[in-house]
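Single-structure report; data block below.
The values are calculated or read from the model by the stated rules, or taken from the named source; none is laboratory data. Since the structure is predicted, the reported quantities are computational estimates derived from the model, not experimental observations. SASA here: full protein model, heavy atoms, side chains in, ligands and nucleic acids out. Shrake-Rupley method; radii C 1.70, N 1.55, O 1.52, S 1.80 Å.
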Amino acid sequence: MNLFDLTGKTAVIIGGNSTLGGAMAVALGGHGADVAVVGRNAEKSEAVAARIREAGGNAKVFSADATSADDLKQVLADVLAWTGRVDVLMNAPGKNSPTPFFDITMEEYDSIMEVNVKSVVLACQIFGKHMVDQGEGGSIINISSASSEIPLSRVFTYSASKAAVNNMTRFLAREFAPARVRVNAIVPGFFPAEQNRKILSPDRVESIMRHTPMNRFGEAEELQGAAVFLASEKASSFVTGALIRVDGGFGAMTI
């Protein structure tokens, strides 16, 4: 039995054109899933779709603002017209800022919360309801952060938003369990990507390395195993409400 075979499944990756979302999208496609790459930047989305096809998978690009209910409803309709089903939802959009606490404007605060929290709520309402009503189970994978539990310095709003993602993950795991829709989160450590490069000053990097037992950054591809595991009903059928750390030991470090 192949525990990680996703053949016949459709995975919707919101933020699938991002560095981390793209790597995980490639993994799901490479294990047999039809992958809907959802994002605002069509060029980046097409690049990810091309990588999925190179891995032997099937992919299609869908344009949407992750914070727009109308856009997400249209994506659901278009995906159903494409494959007729949705089995996996991954919420991978993200926005960050190093603005000092007293300088944070409500415009910036709202913008980060919209992308990191509201988008997850909307996607789980729209795609989650379809999976519940579909009656065949499913998997929702939220992308959290090492800053979600003990908050990192300099990223107040981001940390608060990812703490909310953890809370929502556990709440929805309970709510959706009777319909066999599993809801889990991946908690990445430090993976240099577009949204966090601007806060990786030399002193920041030194501090991160001091608190990461494996003494290095993660590579985007190192998230692929966790993503495939959580997407596969065979591999993780009794896993829901879990926060899966992929952080090189960062979360285990004290002094």
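Check region 44-199 and count each lysine pair with an alpha-carbon distance under 27 angstrom, considering only pairs eight or more places apart or from different chains.
Value for region 44-199: 23.
Taking Rh as the Kirkwood radius, which is the inverse of the mean 1/r over Cα pairs, what is the Rg/Rh value for region 1-147?
On the way: Rg = 15.5 Å, Rh = 15.6 Å.
Rg/Rh for region 1-147 comes to 1.00.
I'd like to check one number: the per residue accessible area of region 182-251, probe 1.4 Å, reported in Å² as a whole number.
I get 48 Å² per residue for region 182-251.
Using only the alpha-carbon atoms, how far is helix 42-54 inclined from the longest principal axis of the chain? Give it as 0 to 90 degrees, nearest 10.
So the helix axis and the longest Cα principal axis differ by about 60 degrees.
How many angstrom separate the Cα center of region 151-191 from the Cα center of region 33-87?
22 Å
From the C-alpha coordinates alone, can you work out the Kirkwood hydrodynamic radius of the chain, in Å?
Over the chain, the inverse of the mean reciprocal pair distance is 18.2 Å.
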